[in-house]
Amino acid sequence: MLNDEHVELRKSVEEFAREVVAPVIGDYYERCEFPYDIVRKMGAMGLFGLPVPEEYGGMGGDYFVLCLALEELARVDSSVAITLEAAVSLGEMPILRFGTDAQKQRWLPKMAAGEILGAFGLTEPGGGSDVPGGMRTTAVLDGGEWVINGSKAFITNSGTDITGVVAVAAITGRRQDGRPEISTILVPSGTPGLTVSEKYSKVGWSASDTRELSFTGCRVPEENLLGERGRGYAQFLQTLDEGRVAIAALSVGLAQGCVDESLRYVRERRAFGQEIGRYQSMQFKIADMEARVHTARLAYYHAAERMLAGLPFKKEAAIAKLVSSNAAMDNARDATQVFGGYGFMNEFPVGRFYRDAKILEIGEGTSEVQRMLIARELGLPA
Ligand SMILES: Cc1cc2nc3c(=O)[nH]c(=O)nc-3n(C[C@H](O)[C@H](O)[C@H](O)COP(=O)(O)OP(=O)(O)OC[C@H]3O[C@@H](n4cnc5c(N)ncnc54)[C@H](O)[C@@H]3O)c2cc1C
């Protein structure tokens, strides 16, 4: 499935992650600081524009290229990888897929250059899995403007110094059958009535930006509607299907990073007079880790292949996300064990991998939600 362009891109991101990210990211992580300098360099490399057409300042690649970049970044660090994933997959893709030409012209060139970041506001304090059941945010048309009220929880990239716009899912009315009508509205940073909270204190992804947003009489022009009114539900389902393939790639990267670090460590650490890599229990652990990462990678390649071919890929994306987030969790636990006490120290990457793995079973649809999607695709009742 990899062509020359894919191989070349993967190699350059691998080098960037190893040479630019790895030496400094641990300190950013410890300080819970957003790595502006790294993000600026990723922008200069064109990573934020990988799947964006050249006419909007992007690299004109496909979504699979983005996945490969995410995998290579997450091999070294997941905060950086999720910053790219959320900016492109959740921030840019909805504008690219559903935006008007004016919206694309306004936002995409700066986003593709990494000069500004986009965010995607779906989850609310009252519920992330149960959308729209837990959704309370509303938007009402008044004098040619949308007036937004409500709040959003856990929104990635929503409060950095370079955040430019948040796509907000809101209830804009009721359908004939009584169900809420959901639409997506673009809210530029700094709009009066939008309040960005302090960063959450998180277990992992500590160098990424995650915030709560609240909207109080927040007014934006009517033309900030993204796509058709009432199509918000369909839009985020499509966005999340793609996003799951990207999160699967990121999970595979973390799982691979655990193999990389473990292979290195068992050759240098000695116990009872020999390298610990000579013990079968260590070898079996690493063999299991390698088997998980290999099968998870095949799962996301397969989902991406169907997506790019225009075939249905909902089930494959859910499977890829489920198995690869499991692989990341299992590999992080095993790699920490391989490192013994040093695995529990933040100065070693495996400690970071351990803290970063859990969210992969939660974000962009929990593992339970993935199982629900797979069951529905198999024809089982909702
Ligand atoms: C660091 C971070 C970054 C995030 N970034 C974003 C972002 O950029 N944009 C955004 O919109 N959201 C974002 N999220 C939100 C994330 O997508 C949600 O946290 C996730 O979808 C789960 O929703 P919830 O937290 O409300 O959990 P809930 O939906 O309350 O789920 C709680 C538990 O109940 C289970 N559950 C719920 N319903 C069922 C069911 N029917 N059957 C079985 N089990 C069920 C869940 O699987 C879970 O185990 C982020 C979250 C985090 C932590």
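Evaluate the following for K104: is it within 19 Å of E212 (Cβ to Cβ) and either under 23 Å from the mean Cα position of the chain (by Cα) or open to solvent by 20 Å² or more (accessible area, probe 1.4 Å) (or both)?
no
Evaluate the following for F236: is it among the hydrophobic types (A, V, I, L, M, F, W, C), open to solvent by less than 60 Å² (accessible area, probe 1.4 Å), within 17 Å of E124 (Cβ to Cβ) and out of contact with any helix residue (DSSP H, G or I) (no Cβ under 9 Å at 6 or more places or on another chain)?
Here the answer is no, as F236 does not meet what is asked.
Can you work out which of the residues in the range 316-356 that are over 23 Å from H294 (Cβ atoms) and part of a helix (DSSP H, G or I) is least open to solvent (accessible area, probe 1.4 Å)?
It comes out as G351.
With the requirement that a residue be within 17 Å of the chain's Cα centre (by Cα), part of a loop (DSSP other than H, G, I, E, B) and surrounded by 17 or more Cβ atoms within 10 Å (Cβ to Cβ), what does the range 114-142 give you?
Within the range 114-142, G114, I116, L122, T123, G128 qualify.
From the residues in the range 366-381 that are in a loop (DSSP other than H, G, I, E, B) and in contact (Cβ under 8 Å) with a residue 12 or more places away in the chain, which one is nearest to the ligand (Cβ to nearest atom)?
Only one residue tops the list, namely T366.
Tell me whether the range 225-233 contains one or more residues that are assigned to a helix (DSSP H, G or I) and crowded, with 21+ Cβ neighbours inside 10 Å.
Yes.
Looking for whichever is open to solvent by less than 20 Å² (accessible area, probe 1.4 Å) and either within 21 Å of the chain's Cα centre (by Cα) or away from the ligand (no atom under 15 Å from the Cβ) (or both) here; the options are V196, V220, V203. Which one fits?
Selected residue: V220, the only one of V196, V220, V203 that is open to solvent by less than 20 Å² (accessible area, probe 1.4 Å) and either within 21 Å of the chain's Cα centre (by Cα) or away from the ligand (no atom under 15 Å from the Cβ) (or both).
Among what's in the range 143-186 and is in a strand (DSSP E or B) and without any contact (Cβ under 8 Å) to a residue 40 or more places away in the chain, pick the residue that is nearest to the ligand (Cβ to nearest atom).
I171
For the range 144-190, how many residues meet the condition of being farther than 26 Å from I38 by Cβ and polar (S, T, N, Q)?
Result for the range 144-190: 6.
Pick out the one residue from T295, T210 that is under 27 Å from the mean Cα position of the chain (by Cα) and surrounded by 22 or more Cβ atoms within 10 Å (Cβ to Cβ). It would help to see each step written out before you state the result.
Working: T295 fails: surrounded by 22 or more Cβ atoms within 10 Å (Cβ to Cβ).
Step by step, each of T295, T210 is checked, and only T210 is under 27 Å from the mean Cα position of the chain (by Cα) and surrounded by 22 or more Cβ atoms within 10 Å (Cβ to Cβ).
Of all the residues that make up the range 69-92, how many are open to solvent by 10 Å² or more (accessible area, probe 1.4 Å) and within 13 Å of the ligand (Cβ to nearest atom)?
1
Which pairs have Cβ atoms under 6 Å, sit 6 or more apart or on different chains, and link a residue in the range 205-217 that is without any contact (Cβ under 8 Å) to a residue 60 or more places away in the chain to one that is open to solvent by less than 30 Å² (accessible area, probe 1.4 Å) and within 11 Å of the ligand (Cβ to nearest atom)?
From the range 205-217, the pairs are T210/T156; R211/I155; R211/S158.
Of (1) within 23 Å of R31 (Cα to Cα); (2) out of contact with any helix residue (DSSP H, G or I) (no Cβ under 6 Å at 6 or more places or on another chain), A207 satisfies all except one. Which?
Every condition holds for A207 apart from (2).
The values are calculated or read from the model by the stated rules, or taken from the named source; none is laboratory data. What you are looking at is a predicted structure, and each value in this text was computed from that prediction instead of being measured. Virtual Cβ from ideal backbone geometry, glycine too; neighbours counted across all protein chains shown. With ligands, DNA and RNA removed, areas are computed over all heavy atoms of the protein, side chains included. Shrake-Rupley method; radii C 1.70, N 1.55, O 1.52, S 1.80 Å.
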